[in-house]
Amino acid sequence: FEKVYVKEFDLALRKFITQVQGKEVTSRVPQVDVTPLKNGENTAKYEHSKDVLTVHVGDVVIYTLRIDNESEMDGYASEITDDIPQYLEYLPQDSTNIEYMWKMYNEKGEETENISEAVKVKTKYLSKENGEDNLIKAFDGEKLSYKDVKIAFKVKDPNSNTQIITNYAQISDDTD
């Protein structure tokens, strides 16, 4: 018989605001504690501000999606999906969105050019097909390797000054 060792593959996504209306926001970058990983637990601990950030109608908000590799294997975040929240407008012509190769999709999951039909956006920016330098190295026992992707939205009028906008994203495909 042959003995085999199965390595775990685990990417983690953290999303945080890094710019509002051209002004950098540095207070929201996650701080990572890898102690749990060193002790054999499944995930690192992430600390970052969850305080509500005030934005205004018409503001352009740039989010950074940080993909950390918490596993024992190198890998790629082949596809990342971001759901378009009700009070944010995706900006297909924004230079950030063009640079990071975001594409719009309708509720049927079909790619669309019509912004009014778009319910989510996806990118394959960090895929192996876009360059082997997109490889996110395995956890080396000391620190996590990561890659960042950015996305820009414009704040729409929620008809309320107390509306909290929540924006969700996920890694929809990965490869090792």
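The values are calculated or read from the model by the stated rules, or taken from the named source; none is laboratory data. Keep in mind that this is a model prediction, so the values were computed, not measured. Here Cβ is always computed from backbone atoms with ideal geometry, including for glycine, and neighbour counts include all displayed protein chains. With ligands, DNA and RNA removed, areas are computed over all heavy atoms of the protein, side chains included. Shrake-Rupley method; radii C 1.70, N 1.55, O 1.52, S 1.80 Å.
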Mean Cβ neighbour count within 10 Å, used as a protection proxy, ranking 98-108, 65-75, 79-89, 30-40 highest first: 65-75, 79-89, 98-108, 30-40
Relative contact order [Cα under 8 Å, 6+ residues apart], the chain, whole percent: 30
Leaving out same-chain residues fewer than 8 places away, which lysines sit with a Cα under 16 Å from that of K128? K137, K147
If you average the C-alpha positions of region 38-68 and of region 15-35 separately, how far apart do those two centres end up, in angstrom? 6
Using unit Cβ charges (K, R positive; D, E negative) and no other charged atoms, how large, in debye to the nearest 20, is the dipole of the chain about its Cα centre? 480
Using a 1.4 Å probe on the protein heavy atoms, what percent of the accessible area of region 40-153 belongs to carbon and sulfur? 44
Before I look further, what does the chain give for accessible area per residue, probe 1.4 Å, in whole square angstrom? 61
Please give the calculated 222 nm ellipticity per residue for the chain, where each DSSP H segment of at least 4 residues contributes -39500 (n - 2.57) and the sum is spread over every residue; nearest 500 deg cm²/dmol? -1000 deg cm²/dmol
Consider all pairwise Cα distances in region 86-151 and report the whole-number % of them above 14 Å. 65
Convert 20 °C to kelvin, take the viscosity as 1.002 mPa s, use the Kirkwood radius over C-alpha pairs of the chain as Rh, and evaluate the Stokes-Einstein diffusion coefficient in µm²/s, rounded to a whole number. 122
When each of K15/K120; K15/K143; K122/K150 is checked by Cα-Cα distance, pairs over 22 Å: none
Taking the Cα centre of region 106-176 as origin and charging only Cβ (+1 Lys, Arg; -1 Asp, Glu), how large is the dipole, in debye to the nearest 20? 320
